[in-house]
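I have placed the structure first, in the form of structure tokens, so that the comments after it can refer back to it.
Just so it is clear, none of the values below were taken in a lab; they were calculated from the coordinates. Bear in mind the structure is a predicted one, so any value in this text is a computation, not a measurement. Here the Cβ positions follow ideal geometry from the backbone for every residue, glycine too, while neighbour counts run over all protein chains shown.
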Amino acid sequence: MLQKNDILNLLEFISNPKISLQGEIQMKKLIMKTILAAGIAAIAMPVTAKTELQWWHAMGGRLGEVVDEIATNYNASQSEYEIIPTYKGGYEDTMTAGIAAFRAKQQPHVLQIFDAGAATIINAPGATIPVADLMSEHGKGFNSNDYIEGVRNFYADSAGKMIGMPFNSSTPLLYYNKDAFAAAGVTNPPATWEEFEAIAPKLKAAGYTALAQSHSPWILSENFHSRHNIQLSTGNNGYDSTDVKILYNNDHMKMHWGKMKEWLDAGHYGFFGRAWGDNQDAFVQKKVAMWMGSSGSFGGLKKSTDFEFGTTFLPYWKSIIDEPKSTFIGGAALFAMSGKSDAEYKGVADFFAYMTNNENQVFWHKETGYVPITTAAYEMAKAEGYYNESPDAEIGILQLSQPGGEWTKGYRLGYYVQIREVMYKKYDDIFSGKSSVEKAFSEMESESNALLERFAATYK
């Protein structure tokens, strides 16, 4: 162990440039002694392990890489917690894995749940810690008004308390190939479906199918209702009760899907299968002039297309509504699962605060195309000039910020993953000619309501 005199001699050596050779040798020995002493002390010093926080998510490909980068940066930013992201497959797979783990009392600290699964996780008694409570209890502050309107309502309860932390938030947009439009002599993308009907023959004559779209339930069912301010289900779109009836079997929906069948038969609409990528690929491969998909696809399309494209709002029927309303978000939120210690929840709150700070939200927005979830992050991106460089990246936020209406906050329906499957099946039947529009929607209504009854019975 170093003595007081050793330290004094060492300091003298450092400050005295005129020391003898013998003195230099002695000081070198002393320096070595100092190094060895420091090393032994470091070894003897107890190492405090970081608190590990498990995060299960559904972000594959490039999105998964960005998730890993965020986690790495967070872990490097502080010394108390280690967030461990784990890819569990697609949305449905991740939700299924999370439910199974919860039942086995092996749930992660943070679970990503997509829009269709929100009712299941929020209505499950004791499954989650509301994010509003989590953040407030651990001194991170929380104000739901900080979040963009189209974002904050979807993962909230009927009283407006946010249960899940919005994460990869997107909204459906219309993408269009500017080269295709030029070849067809079309100047502007359609703002209304009436305008679509006018330009579709011109695009076909130029060698393009006018339109394809991905995820019919999300874009042309759920957001169709929001865009036109049409009630989607009883019980305040499911926010007030689990005992509800779906209202998809209405004249506006049947009119629109009758038109979709007409456009398909005329070669103005292309259906390339249920898979998201099948229809997006048709756009990338220049088979279709327009594609309706997620704002979250913007970053990937910039890398995969070899033509200039633009984005615009979802078309609406002028015959239904004079001024369209806002859409609501898709994507997923992060839920803090119950059953963990207070110390662990402190770490989850710290991670959520990190994820939602302005810098990280802008980074996520630029890298992926998902919208920033807070007004402040949006303003930061705007102030940095990002939308001057890439104006199409702002379209999703502007659409979410359009005036809302009574039925624009989204829905909260149980067994909705299964209901979406019913919808896919009935839309397939319409396109194949297996079923009339009237019959398909009647069956959609009855089968969906049977699922909703089962869900309601589960929570009585």
Quiz item: Which one of 289, 242, 221 is farthest out on the positive end of the charge dipole of the stretch 217-300, using unit charges on Cβ (Lys, Arg +1; Asp, Glu -1) and the Cα centre as origin?
Solution: 289
Quiz prompt | Highest to lowest packing among 170-178, 308-316, scored as the average C-beta count within 10 Å | solution = 170-178, 308-316
Exercise. Could you tell me which of rounded, prolate or oblate describes the stretch 327-460, using a ≥ b ≥ c as the square roots of the eigenvalues of the alpha-carbon gyration tensor, with rounded for a/c under 1.5 and, failing that, prolate when a/b is larger than b/c and oblate otherwise?
Key: oblate
Quiz item: Which lysines have a Cα lying under 23 Å from the Cα of residue 434, excluding residues fewer than 8 positions away in the same chain?
Solution: 254, 259, 261, 425, 426
Quiz prompt | the stretch 277-291 - phi-based ³J(HN,Hα) in whole Hz, Karplus 6.51/-1.76/1.60, Gly and Pro as x | solution = x, 4, 7, 5, 4, 4, 6, 4, 7, 6, 7, 10, 7, 9, 9
Self-check item: Degrees, to the nearest 10: 358-368 long Cα axis against longest axis of the chain
Solution: 50
Quiz item: So how strong a dipole does the stretch 319-398 carry about its Cα centre when Lys and Arg Cβ are +1 and Asp and Glu Cβ are -1, to the nearest 20 debye?
Solution: 260
Self-check item: For Cα Rg over 2.2 N^0.38 Å, calculated from these coordinates, the label among [x] 1.19; [y] 0.94; [z] 1.24
Solution: [z]
Self-check item: Using alpha-carbon coordinates, inclination of helix 193-205 to the longest axis of the chain, degrees
Solution: 90
Quiz item: With +1 on each Lys and Arg Cβ and -1 on each Asp and Glu Cβ, how big is the dipole of the chain about its Cα centre, in debye rounded to the nearest 20?
Solution: 740
Quiz item: So which trypsin sites (Lys or Arg not before Pro) in the stretch 77-154 are both in a DSSP loop and have at most 10 other Cβ atoms within 10 Å of their Cβ?
Solution: 105
Practice problem: Within the stretch 341-404, report the GluC sites (Glu not before Pro) that DSSP leaves as loop and that have at most 12 other Cβ atoms within 10 Å. | Solution: 384
Practice problem: Under 30 Å Cα to Cα from residue 366, which lysines show up? Leave out anything in the same chain fewer than 8 places away. | Solution: 88, 140, 161, 178, 286, 287, 302, 303, 325, 346, 382, 409
Exercise. Would you order 247, 211, 111 from fewest to most other beta-carbon atoms within 10 Å of each residue's own beta-carbon?
Key: 247, 211, 111
Quiz item: Whole-Hz Karplus ³J(HN,Hα) for the stretch 134-146, in order, using 6.51 cos²θ - 1.76 cosθ + 1.60 and θ = phi - 60°, x for Gly and Pro?
Solution: 4, 5, 5, 5, 10, x, 9, x, 7, 9, 4, 5, 6
Quiz item: Do any trypsin sites (Lys or Arg not before Pro) in the stretch 286-362 lie in a loop, going by DSSP, with at most 14 other beta-carbon atoms within 10 Å of their beta carbon, and if so which?
Solution: 318
Quiz item: Looking at 267, 320, 185, which one has the Cα that reaches farthest to the positive end of the dipole of the chain (charges on Cβ: Lys, Arg +1; Asp, Glu -1)?
Solution: 267
Quiz item: For the stretch 415-429 and the stretch 196-236, what is the separation of their Cα centres, given in Å?
Solution: 17
Quiz item: For the charge dipole of the chain, defined by +1 on Lys and Arg C-beta atoms and -1 on Asp and Glu C-beta atoms about the Cα centroid, which residue among 378, 341, 363 has the Cα displaced farthest towards the positive pole?
Solution: 341
Self-check item: Residues with amide H under 5 Å from that of residue 82, placed H, sequence gap 5 or more
Solution: 51, 52, 53
Exercise. Return the percentage of antiparallel bridges among DSSP beta bridges fully within the chain, rounded to the nearest 5 %.
Key: 60
Quiz item: Mind checking the angle between helix 61-77 and the chain's longest principal axis? C-alpha axes, 0 to 90 degrees, to the nearest 10.
Solution: 30
